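Structure, as structure tokens:
The values are calculated or read from the model by the stated rules, or taken from the named source; none is laboratory data. Note that the structure is a prediction, hence the values are computed from the model and not measured. In this analysis, Cβ positions are derived from the backbone assuming ideal geometry, glycine residues included, and neighbour counts consider all displayed protein chains. Ligands, DNA and RNA are excluded from the accessible area calculation, which covers all protein heavy atoms including side chains. Shrake-Rupley method; radii C 1.70, N 1.55, O 1.52, S 1.80 Å.
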Amino acid sequence: MIASETAIFYDFKGLQCPLPVLKTRKKLQDLQAGTVIRIETTDPLSPLDIAHFCQSEGHTLLEQQSEGRIFHFLIQKG
């Protein structure tokens, strides 16, 4: 697996649905296929929303973790 330390990091904490997904989509738009990003959110709907977004858009959700109220996602652009 690709180390999260090499991923491009985006902090979306404090944003509410649907902004974390919309901003993730915008960030991935300009990246090459295979690029890995790491995002952090505090929106409680993020785990469901990000997983659905990745599945429907053809991206790979490499990792999903939570640490208290902070959600961490590692996504590879499809």
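Observations on the structure shown:
- Net charge of Cβ neighbours under 13 Å - reference K26; Lys, Arg +1; Asp, Glu -1: +2
- On the beta carbon distance between K23 and Q65, with R0 = 25 Å, the FRET formula returns roughly 0.85.
- Counting only aspartates and glutamates at least 8 places from K26 when in the same chain, those with an alpha carbon closer than 19 Å to its own are D11, E40, D43, D49, E57.
- Among (1) 28, 28, 19; (2) 31, 24, 19; (3) 29, 23, 18, the entry that matches Cα extents along the principal axes in Å as calculated here: (3)
- Sparse-neighbourhood loop sites, trypsin sites (Lys or Arg not before Pro) in the chain - DSSP loop, at most 10 other Cβ within 10 angstrom: R69
- Residue (of V21, I50, L61) at the positive-pole extreme of the stretch 20-64, dipole from beta-carbon charges: V21
- Accessible surface, per residue, of the chain when the full set of protein chains is kept, probe 1.4 Å, Å²: 60
- The chain, dipole about Cα centre (Lys/Arg Cβ +1, Asp/Glu Cβ -1), debye to the nearest 20: 180
- Carbon and sulfur %, accessible surface of the chain computed with the full protein complex present, 1.4 Å: 52
- Full extension of the chain segment joining E5 with T42 gains 11.3 nm, where the gain is 0.36 nm per residue of separation less the Cα-Cα distance.
- Virtual spin-label span in nm between Q32 and K13, 7 Å along Cα→Cβ: 3.2
- When H72, H52 are compared by accessible area of protein heavy atoms, the largest-first order is H52, H72, using a 1.4 Å probe.
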